[in-house]
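In what follows, a single structure is set out as structure tokens and then discussed.
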Ligand code: N01
């Protein structure tokens, strides 16, 4: 055992990456337990995702009363959400409030990016390099860098030729007014594009949406939160949070046990109509138990949405292009929009299907497809992220055997519980790949991961250990569990960013555990009770 104390060596106990939902709770939880903590955040302030994604219409599609911290009763009593789905600015204010309330900013260095980290086996610590040229040494290194923080590169030739206004949703640095009266292109129709398009359409002279894959967009049905609902939630918050923690998705469960073909076509339609009104993640895609398992069952729900699109969109040709035919409902991340399909009825909005006419290049003032040139004054990229691996590979981690994480994961992503990686001792990920983060209310997963990691570090401290590493065997077992859990579902056979399909050359691994946050929590708690079998603690 190496018993070097970090107290008088200038080595910090924990180096944390990121000051978003993960990093802030990490700093709070670990410093409260007496650990020294040095956090580094690439941005100038706290907020992570909610700092960067300021595009028009940005809001969370998990309900605000659930998409928030549960660790402090006073915090959840004093903060009042204004809407069912909080807008970006309100979530950012919340995170700023949390940072100030718990005095967390002092634990972070802002405008500073971690650019490399190497495991020093002799001293049992991480040597971390920063983009200001300095270095820091820490016993433990914990990434709270998030899953959707590395924007995807635009892989179409000619972007640099374009001389007009160019902006991406994930690094929005203009105001909506800057698009007023302009001919605007939006490329990409995932959650970000779907939220931004209706608002851009209101100010642009012309909006042309360049769509590669049509998505299922269901009405968000956002609304002000009535004071009586807020009061009822606050009154019952402890129980509500507990329900979320033990649910499948990190939001209160709405269990369904019957399958789509257990009921008549008429009854199915009635149920889908109700679910469509309810909307959210417990809407149409969750109305029957087999919708994400049986393609034929799914087809009934998918076709229900197809019909809605045809009802809403006036021009039949545009409607057909918007109908999502290439994947089952829910197997790719569903989108929730406000007036999304209605926007295509505006006289200043048109749709280009990139499946029919791929972009060939861009010129100084136009997007050129196989069918012609579209002159534009501004281009908005809403093309998504290099999810999960992007932020982690950006840390340039070198593990115990001298290999980089990107080499170790070259043929497939492997982790233990989505929190640790064999051969990378004393390194942890909050909501990393193969955790439930991908398909859950991520704040629930973040709090659980931070608590579990903090308890494990405490256990190591109590035993005088300075090395904590997942064994290769335990990791293989976890990878098997995640693969077996997802295999019977439609996630397994659908290309999406969930499986890295949006990035050329990325390993084809479904990056989440789909067994539910409640089941995952039970497994993690049980492992902790049993003294962390599967983790070498020395
Ligand atoms: O990114 P996406 P996003 N040429 O990857 C297209 C979360 N989020 O930022 O599908 C042309 O979903 C791409 O087409 P295709 C949420 O988890 C949440 O919108 O690859 N098009 C697709 O249409 C979400 O899932 C919220 O064929 C190109 C789009 O760009 C995740 O973030 C809000 C292209 C990218 O869609 C990512 O969402 C926002 C190219 N070269 C985000 N490359 C809420 O909570 C890509 N595309 C509401």
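The values are calculated or read from the model by the stated rules, or taken from the named source; none is laboratory data. Keep in mind it's a predicted model, so treat the numbers as computed, not measured. Cβ sites come from the backbone with ideal geometry, for glycine too, and all protein chains shown count toward neighbours.
Screening residue 174 with (1) outside any helix (DSSP H, G or I); (2) crowded, with 19+ Cβ neighbours inside 10 Å; (3) more than 11 Å from the ligand (Cβ to nearest atom) gives one miss only, at (2). State whether one or more residues within the stretch 209-221 are outside any strand (DSSP E or B) and away from the ligand (no atom under 16 Å from the Cβ). Among the residues of the stretch 209-221, not one is outside any strand (DSSP E or B) and away from the ligand (no atom under 16 Å from the Cβ), which makes the answer no. Looking at the stretch 345-363, which of the residues that are away from the ligand (no atom under 14 Å from the Cβ) and touching a residue at least 60 places away in the same chain (Cβ under 8 Å) is farthest from residue 292 (Cα to Cα)? Ranking the qualifying residues of the stretch 345-363, first place goes to 363. Based on this model, can you work out whether residue 39 counts as surrounded by 22 or more Cβ atoms within 10 Å (Cβ to Cβ), at pLDDT 95 or above and closer than 24 Å to residue 439 by Cβ? It is false that residue 39 is surrounded by 22 or more Cβ atoms within 10 Å (Cβ to Cβ), at pLDDT 95 or above and closer than 24 Å to residue 439 by Cβ. Restrict the check to the stretch 242-255 and report whether at least one residue is within 16 Å of the ligand (Cβ to nearest atom), within 30 Å of residue 361 (Cβ to Cβ) and touching a helix residue (DSSP H, G or I) at 6+ places or on another chain (Cβ under 7 Å). No, the conditions are met nowhere in the stretch 242-255.
Could you please let me know if residue 488 is outside any helix (DSSP H, G or I), modelled with pLDDT under 95 and at negative phi? Criteria not met by residue 488. From 477, 504, 483, 473, grab the single residue that is in a loop (DSSP other than H, G, I, E, B), over 18 Å from the mean Cα position of the chain (by Cα) and surrounded by fewer than 24 Cβ atoms within 10 Å (Cβ to Cβ). Just a single option satisfies the conditions, and that option is 504. Scan the stretch 455-470 for residues that are under 20 Å from residue 520 (Cα atoms) and either in contact with a strand residue (DSSP E or B) (Cβ under 8 Å, 6 or more places away or on another chain) or assigned to a loop (DSSP other than H, G, I, E, B) (or both) and the total you get is 4. Taking the criterion of being closer than 16 Å to residue 345 by Cα and touching a helix residue (DSSP H, G or I) at 6+ places or on another chain (Cβ under 9 Å), the residues of the stretch 300-320 that qualify are 308, 309, 310, 311, 312, 313, 316, 319, 320. Across the stretch 489-511, not a single residue is classified as in contact with a strand residue (DSSP E or B) (Cβ under 6 Å, 6 or more places away or on another chain) and within 18 Å of residue 433 (Cα to Cα). Considering 324, 391, 295, the condition of being in contact (Cβ under 8 Å) with a residue 60 or more places away in the chain and out of contact with any strand residue (DSSP E or B) (no Cβ under 9 Å at 6 or more places or on another chain) is satisfied by 295 alone.
If the condition is being in a loop (DSSP other than H, G, I, E, B) and farther than 27 Å from residue 487 by Cα, then the stretch 288-333 contributes 313, 314, 315.
Annotation: of all residues in the stretch 394-422 being without any contact (Cβ under 8 Å) to a residue 40 or more places away in the chain and over 17 Å from residue 470 (Cβ atoms), the one that is surrounded by the most Cβ atoms within 10 Å (Cβ to Cβ) is 404. One residue alone among 65, 91 is in contact (Cβ under 8 Å) with a residue 60 or more places away in the chain, within 16 Å of the ligand (Cβ to nearest atom) and touching a helix residue (DSSP H, G or I) at 6+ places or on another chain (Cβ under 7 Å), and that residue is 65.
Here residue 336 passes the criteria (1) part of a loop (DSSP other than H, G, I, E, B); (2) closer than 23 Å to residue 499 by Cβ; (3) touching a strand residue (DSSP E or B) at 6+ places or on another chain (Cβ under 9 Å) except the one numbered (1).
For the stretch 263-285, the set of residues classified as assigned to a helix (DSSP H, G or I), under 24 Å from residue 486 (Cα atoms) and in contact (Cβ under 8 Å) with a residue 40 or more places away in the chain consists of 280, 281, 284, 285, listed by residue number.
Condition (residue is within 16 Å of the ligand (Cβ to nearest atom), under 18 Å from the mean Cα position of the chain (by Cα), outside any helix (DSSP H, G or I) and at pLDDT 95 or above) applied to the stretch 516-536: is it met by at least one residue? There is no residue in the stretch 516-536 that is within 16 Å of the ligand (Cβ to nearest atom), under 18 Å from the mean Cα position of the chain (by Cα), outside any helix (DSSP H, G or I) and at pLDDT 95 or above. Among the residues that make up the stretch 151-170, is at least one of them away from the ligand (no atom under 15 Å from the Cβ), surrounded by 18 or more Cβ atoms within 10 Å (Cβ to Cβ) and within 28 Å of the chain's Cα centre (by Cα)? For the stretch 151-170, residues away from the ligand (no atom under 15 Å from the Cβ), surrounded by 18 or more Cβ atoms within 10 Å (Cβ to Cβ) and within 28 Å of the chain's Cα centre (by Cα): absent.
On the given criteria, is residue 46 within 25 Å of residue 230 (Cβ to Cβ), buried (at least 22 other Cβ atoms within 10 Å of the Cβ), under 21 Å from the mean Cα position of the chain (by Cα) and away from the ligand (no atom under 16 Å from the Cβ)? When the stated conditions are applied, residue 46 passes them.
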